[in-house]
Amino acid sequence: MKIINRCTIEFASIPENVAFARVAVAAFASQLDCTLPELEEIKVAVSEAVGNAIIHGYRNKPDKTVRVIVTIYKEGLEIRVEDCGTGIADIDLAMQPAYSTDPERMGLGFVFMQSFSDRLQVDSSPGQGTTVTMFKQIGLRGAKARAN
């Protein structure tokens, strides 16, 4: 796939940066002429992935770093959220609805990410961290015109 544009942001693993990440990614994605529902889905998926990195990956330790890489292709938008935290021992279990390592959480993060993405991939190793990659097909009216 041909890259049309890419943005990488890194920020501290604090809850306040969940809102920052969702707005930053939505602003970057808006160059694709997304519909409002598409932008809302992107924001929810980013919130869930970044929230998981902070809460589960880093166990709310504020001195860690979350990286978000957003790439625009002719085919759509890829969002990658990376942490170097605790990792996930059993990805299949973690992706089950209502599963959470935190009893205060609903365990629906991966469910939302799956339903708001055309493709979701989770790569993780215990003690090494997690990378969540989401891909969403979006009409590329503005970006496509620039790429041709």
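The values are calculated or read from the model by the stated rules, or taken from the named source; none is laboratory data. Here the structure is a predicted model, which means the values were calculated and not measured. Every residue, glycine as well, gets a Cβ built from its backbone with ideal geometry; the counts of neighbours run over all protein chains shown.
Which members of the range 40-60 meet the condition of being hydrophobic (A, V, I, L, M, F, W, C) and buried (at least 18 other Cβ atoms within 10 Å of the Cβ)?
Hits for the range 40-60 are I42, A45, V46, A49, V50, A53, I54, I55.
Quick check on my filter: what residues within the range 123-142 are surrounded by fewer than 19 Cβ atoms within 10 Å (Cβ to Cβ) and either modelled with pLDDT under 95 or farther than 11 Å from R80 by Cβ (or both)?
S125, P126, G127, Q128, Q137, G139, R141, G142, listed by residue number.
If you take the residues in the range 1-34 that are in contact (Cβ under 8 Å) with a residue 40 or more places away in the chain, β-branched (V, I, T) and out of contact with any Pro (no Cβ under 9 Å at 6 or more places or on another chain), which one is surrounded by the most Cβ atoms within 10 Å (Cβ to Cβ)?
Looking at the filtered set, the residue picked out is V25.
State whether one or more residues within the range 81-98 are under 13 Å from M134 (Cβ atoms), touching a residue at least 12 places away in the same chain (Cβ under 8 Å) and in contact with a Lys or Arg (Cβ under 8 Å, 6 or more places away or on another chain).
Within the range 81-98, one or more residues are under 13 Å from M134 (Cβ atoms), touching a residue at least 12 places away in the same chain (Cβ under 8 Å) and in contact with a Lys or Arg (Cβ under 8 Å, 6 or more places away or on another chain).
So, in the range 73-85, how many residues would count as being within 23 Å of R6 (Cβ to Cβ), at pLDDT 95 or above and buried (at least 19 other Cβ atoms within 10 Å of the Cβ)?
Number of matching residues: 6.
Which one is modelled with the lowest pLDDT among residues in the range 86-122 that are farther than 20 Å from I42 by Cα, of a type in the set (S, T, N, Q) and buried (at least 16 other Cβ atoms within 10 Å of the Cβ)?
Filtering first and then ranking leaves S100.
Does A45 meet the test of being part of a helix (DSSP H, G or I) and in contact (Cβ under 8 Å) with a residue 60 or more places away in the chain?
Against the criterion (part of a helix (DSSP H, G or I) and in contact (Cβ under 8 Å) with a residue 60 or more places away in the chain), A45 qualifies.
Scan the range 49-75 for residues that are charged (D, E, K, R), out of contact with any strand residue (DSSP E or B) (no Cβ under 9 Å at 6 or more places or on another chain) and touching a residue at least 40 places away in the same chain (Cβ under 8 Å) and report the count.
Final tally of qualifying residues: 1.
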